[in-house]
Amino acid sequence: MWNGTLEWVTDRFLIAGSLTAGTEKQAELPGTPSYGWFAGALWLQWLATDAWHFALRPEFFRDEDGLMTGSRQTLTAVALTAEYQLRPSTQHTTSVRLEYRFDRSTGDEGGFYEGANNQLVPEQHLLIASVMWFFDWERQRVGR
């Protein structure tokens, strides 16, 4: 397996990319062929203010032998995130996040389950909303 990551970070921006590849010998198959996969992602984050954060994350995963996913396919995806953080004190943070994600599978065997019959479709859309509360016990105890 091979993995490489590059990252550039400032006070307000983060840009990072990752590429990963792997192979595995298939001992149970005649000739012991090697099956492989290849993946990559790019992370872009912008801290517009101390409270507002925005992110974009495109990804891909190529599994032409079906080694990792069980289906011969290439997956592509993109996620968009908007987050608002409220910090009423140094010990408490509340984060409200909205994320949209689009996934696409290409390949005759791939796809996403949909409907009561669990039929395979090539695309899916997800909208995720979350509210998270963080409490920093250490800061509370020390009195910072």
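Annotations for the structure displayed:
- When the Gaussian network model of the chain links Cα atoms closer than 10 Å, the mean-square fluctuations of 49, 81, 106 top out at 49.
- Backbone HN-Hα couplings from phi across the stretch 97-102 [Karplus 6.51/-1.76/1.60, Hz, Gly and Pro as x]: 10, 10, 10, 10, 9, 10
- Among (1) 176; (2) 136; (3) 196, the entry derived from the coordinates for volume of the Cα convex hull per residue in Å³: (1)
- Heavy atoms of the protein chains alone define the surface here; on that basis the chain has 69 Å² accessible area per residue at 1.4 Å probe size.
- Between residue 87 and residue 65, the modelled label-to-label distance comes to 4.8 nm, taking each label 7 Å out from Cα in the direction of the beta carbon.
- Protection proxy ranking of 82-94, 51-63, 119-131, by the mean of other Cβ atoms within 10 Å over each peptide's residues and highest first, is 51-63, 82-94, 119-131.
- Converting phi to 3J(HN,Hα) with the Karplus coefficients 6.51, -1.76 and 1.60 and the offset θ = phi - 60°, the stretch 62-79 yields 9, 10, 5, 9, x, 5, 8, 9, x, 9, 6, 6, 10, 9, 10, 8, 9, 10 Hz in sequence order, with x at every glycine or proline.
- Rounded to the nearest 500, the 222 nm mean residue ellipticity of the chain from helices alone is -1000 deg cm²/dmol, with -39,500 (n - 2.57) taken per DSSP H run of at least 4 residues.
- Subtracting the Cα-Cα distance of residue 25 and residue 133 from 0.36 nm times their residue separation leaves 34.3 nm of extension gain.
The values are calculated or read from the model by the stated rules, or taken from the named source; none is laboratory data. The structure presented is a predicted model; accordingly, all values stated were derived computationally and were not measured. In this analysis, Cβ positions are derived from the backbone assuming ideal geometry, glycine residues included, and neighbour counts consider all displayed protein chains. Surface areas here come from the heavy atoms of the whole protein model, side chains and all, with no ligands, DNA or RNA. Shrake-Rupley method; radii C 1.70, N 1.55, O 1.52, S 1.80 Å.
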